[in-house]
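What follows is a single structure, written as structure tokens, with notes after it.
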Amino acid sequence: MIRVVYRWQVPQKNFEEFKKVWSRTTNSIHASVVGARGSFLLRSFENETEVITIAKWDSLELWKNFWGNENPQEMEAMRRLGQRSSVEVFEEIEDHTR
């Protein structure tokens, strides 16, 4: 398993719409792309324009197949509402969340 951390800058005026679009997008990807396990959304208390989405994938290879040219069409609506500032991939070693 891997986790992919996407960092975004989302203007406060766009946050509610970004949240709706992110929800539709992540659920659609999870339902239609092999290896996608869904994601969760975080927003900073200190800087409300800083948003992080963390996706779970079965493998690095399956995520790379999705990621392709680094601008998947599925994420286009999110990019209109916020600026993606970084993407980083981590190997999931252990998960003790419940």
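Here are some notes:
- Of everything in segment 65-98 that is over 14 Å from the mean Cα position of the chain (by Cα) and assigned to a helix (DSSP H, G or I), the residue that is farthest from Tyr6 (Cα to Cα) is Asn65.
Here is a yes/no grid of residues against (1) loosely packed, with under 14 Cβ neighbours inside 10 Å; (2) in contact (Cβ under 8 Å) with a residue 40 or more places away in the chain; (3) touching a Phe, Trp or Tyr at 6+ places or on another chain (Cβ under 8 Å):
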{"residue": "Arg3", "(1), (2), (3)": "no, yes, yes"}
{"residue": "Tyr6", "(1), (2), (3)": "no, yes, no"}
{"residue": "Gln12", "(1), (2), (3)": "yes, no, no"}
{"residue": "Val21", "(1), (2), (3)": "no, yes, no"}
{"residue": "Ser44", "(1), (2), (3)": "yes, no, no"}
{"residue": "Val51", "(1), (2), (3)": "no, yes, yes"}
{"residue": "Asn69", "(1), (2), (3)": "yes, no, no"}
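Residue by residue, here is whether (1) of a type outside the set (D, E, K, R); (2) under 13 Å from the mean Cα position of the chain (by Cα); (3) in a strand (DSSP E or B) holds:
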{"position": "Val5", "(1), (2), (3)": "yes, yes, yes"}
{"position": "Trp8", "(1), (2), (3)": "yes, yes, yes"}
{"position": "Lys13", "(1), (2), (3)": "no, no, no"}
{"position": "Lys19", "(1), (2), (3)": "no, yes, no"}
{"position": "Asn27", "(1), (2), (3)": "yes, yes, no"}
{"position": "Ala31", "(1), (2), (3)": "yes, no, no"}
{"position": "Gly38", "(1), (2), (3)": "yes, yes, yes"}
{"position": "Leu41", "(1), (2), (3)": "yes, yes, yes"}
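- With respect to the conditions (1) in contact (Cβ under 8 Å) with a residue 24 or more places away in the chain; (2) of a type outside the set (D, E, K, R); (3) within 16 Å of Val4 (Cα to Cα), Phe40 falls short on a single one, namely (1).
Only the coordinates and a few stated rules stand behind these numbers; no lab work does. Values in this document were obtained by computation on a predicted structure and should not be read as measured data. Neighbour counts run over all protein chains shown; Cβ positions are idealised from the backbone, glycine included.
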